[in-house]
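The values are calculated or read from the model by the stated rules, or taken from the named source; none is laboratory data. It should be emphasised that the depicted structure is a prediction, and the values quoted were computed from it without experimental measurement. Ideal geometry is used to build each Cβ from the backbone, glycine not excepted, and the neighbour counts take in all protein chains shown. Keep in mind that these areas ignore ligands, DNA and RNA; they rest on the heavy atoms of the full protein, side chains included. Shrake-Rupley method; radii C 1.70, N 1.55, O 1.52, S 1.80 Å.
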Amino acid sequence: MIRVQVPATAANLGPGFDCLGMALELYNVVEMLPAARGLSIEVSGEGAADIPRDGQNLVYQAAQKVFCQAGYSPPGLRMRLFNQIPVARGLGSSAAAIVGGVIAANLLAGGRLSIKEIMGIACSLEGHPDNVAPAMLGGIVVSVQIDGEVRHIKIQPPQGLKGVVAIPDYPLATKALREVLPAQVPFQDAVFNLGRVAMLVAALQQEDFTLLGAAMEDRLHQPYRSSLIPGLKKVLAAAKLAGARGVTLSGAGPAVVALADTNFDLIARVMGDTFRQNGVKSRVLVLKPSPVGARALEVK
Ligand code: HSE
């Protein structure tokens, strides 16, 4: 039996649209074992009522891609999914499902595929690498696709920095959140993001939090998505006033993540209150960055 743990991720991290993401200490666990026949899937935790138990299941679909490429074909498959990551909130639940599926399947197939190959399968299923790469590798990861191949650099999370994550009680599908994005952006907005993402990566690497507030601003996706997330601008502003170093949508949203090194409880309370004042129920978690990515807890 194979048991794999995969962290949640906050992608984009502000200006790093589709190329920057951070793993967080909140995990899904995938158990997978071959069976004599058929497919059996049990799900508990987040999304248990809605996650498909048949061939539509994303963990299963990811596993099938690996089995196919590895030339391995178990007669049947049994899976158990234990989910802590809220579904469709911007915390990388689909990337975690895909990464859990590809890693567990590759272990079941005797590790026939390389990390590069399973990363490629995972990113092609997800469509962009900014959740998949930190889910696999942990920490903060810059990732881009070059000639169809995912290339990445990992930064260790700075000491003392935590994510205060406000998670609205309604889901938003990434597909819908990508449909509101424009085909073109003003040149000045592209320049705005370029400077900030460069500054953000340098600041995280040097553990210099003083410029995170400006470095986590974004003009490429947040302005277009804010119409689907009531109170977003006010939550961003309130978190900073309460002491967050920087704050941004997590992934495509609707969750918002504030990076902070102090005042965690105050920031959490203020973010939750501000969403509530704008008619949005939410829960707030204070999460450390996960320095490790997906890993096998059991292989036997
Ligand atoms: N970079 C992606 C986006 C993350 O913003 O659409 C969500 O999957």
Practice item. Please go through the residue pairs 116/300; 175/240; 116/175; 154/175; 65/233 and name each one whose alpha carbons sit more than 31 Å apart in this structure. Key: 65/233
Review point. What length, rounded to one decimal in nm, is gained on full extension from residue 80 through to residue 153, with 0.36 nm per residue of separation minus their alpha-carbon distance?
Key: 23.1 nm
Check your understanding: In the range 171-300, what percent of the accessible surface is made up of carbon and sulfur (1.4 Å probe, ligands and nucleic acids excluded)?
Key -> 56
Revision key, fill the gap. Kirkwood radius from Cα pairs of the range 188-239 plugged into Stokes-Einstein at 25 °C, 0.890 mPa s, gives D in µm²/s equal to 204
Review point. Ranked from highest to lowest mean number of other Cβ atoms within 10 Å per residue, what is the order of the peptides 292-299, 224-231?
Key: 224-231, 292-299
Point to revise | GNM result for the chain, Cα springs below 10 Å: residue of 69, 206, 61 fluctuating most strongly | key: 206
**Study point:** Pairwise FRET efficiency - residue 170 versus residue 273, Cβ, R0 = 22 Å, nearest 0.05
**Key:** 0.80
Study note, to complete from the structure: Diffing the range 136-151: the Karplus 3J(HN,Hα) column from phi (6.51, -1.76, 1.60, θ = phi - 60°), in whole Hz with x for Gly and Pro, holds 7, 9, x, x, 10, 10, 9, 9, 9, 9, 10, 6, x, 10, 7, 10
**Study point:** Theoretical FRET efficiency, 1/(1+(r/R0)^6), r = Cβ-Cβ of residue 61 and residue 205, R0 30 Å, to 0.05
**Key:** 0.25
Review point. Could you give the nm distance between label points at residue 295 and residue 117, where each point is 7 Å from its Cα heading toward the beta carbon?
Key: 2.5
Check your understanding: So for the range 135-183, what percent of the C-alpha to C-alpha distances run longer than 11 Å?
Key -> 80
**Study point:** Top of 50, 18, 218 by mean-square fluctuation, Gaussian network on the chain, Cα under 10 Å
**Key:** 50
Check your understanding: Where is the GNM fluctuation largest for the chain (alpha-carbon springs, 10 angstrom cutoff): 122, 239, 35?
Key -> 35
**Study point:** Long-range Cα-Cα pairs in the chain (distance over 30 Å), rounded percent
**Key:** 29
Study note, to complete from the structure: Counting sequence-distant residues (5 or more places) and residues on other chains, those with an amide H built under 5 Å from that of residue 26 are 8
Check your understanding: How much length is gained on full extension from residue 227 to residue 262, taking 0.36 nm per residue of separation minus their Cα-Cα distance?
Key -> 9.6 nm
Check your understanding: Based on DSSP H runs of at least 4 residues, each adding -39500 (n - 2.57), what is the mean residue ellipticity at 222 nm of the chain after dividing by all its residues, to the nearest 500 deg cm²/dmol?
Key -> -10500 deg cm²/dmol
Point to revise | the range 150-261 - Kirkwood radius from inverse mean 1/r over Cα pairs (Å) | key: 15.0
Point to revise | Rounded to the nearest 20 debye, dipole of the range 121-274 from Cβ charges on Lys, Arg, Asp, Glu | key: 260
Check your understanding: If all Cα-Cα distances of the range 244-300 are sorted into 5 Å bins from 0 onward, what percent lands in each bin, rounded to whole numbers?
Key -> 4, 15, 24, 22, 13, 8, 7, 5, 3, 1, 0
Review point. Against the longest principal axis of the chain, how steep is helix 58-70, in degrees 0 to 90 to the nearest 10, with axes from Cα atoms?
Key: 60
Review point. Can you give the accessible area of residue 162 in Å² (nearest 10), computed on protein heavy atoms with a 1.4 Å probe?
Key: 60
Exercise for review: For helix 187-205, report the angle its Cα long axis makes with the longest principal axis of the Cα atoms of the chain; keep it between 0 and 90° and round to the nearest 10°.
Suggested key: 70
**Study point:** Globularity ratio of the range 1-83, using Cα Rg and 2.2 N^0.38 Å
**Key:** 1.26
Point to revise | Crossing angle, helix 115-126 versus the chain [Cα axis fit, 0-90 degrees, rounded to tens] | key: 70
Review point. Given a Förster radius of 30 Å and the C-beta distance between residue 234 and residue 184 as r, what FRET efficiency does 1/(1 + (r/R0)^6) yield to the nearest 0.05?
Key: 0.60
Exercise for review: Stick to Cα atoms and the Kirkwood definition of Rh, then tell me Rg/Rh for the range 41-129.
Suggested key: 0.95
Study note, to complete from the structure: If each part is reduced to its alpha-carbon centroid, the range 1-58 and the range 170-202 end up apart, in Å, by 25
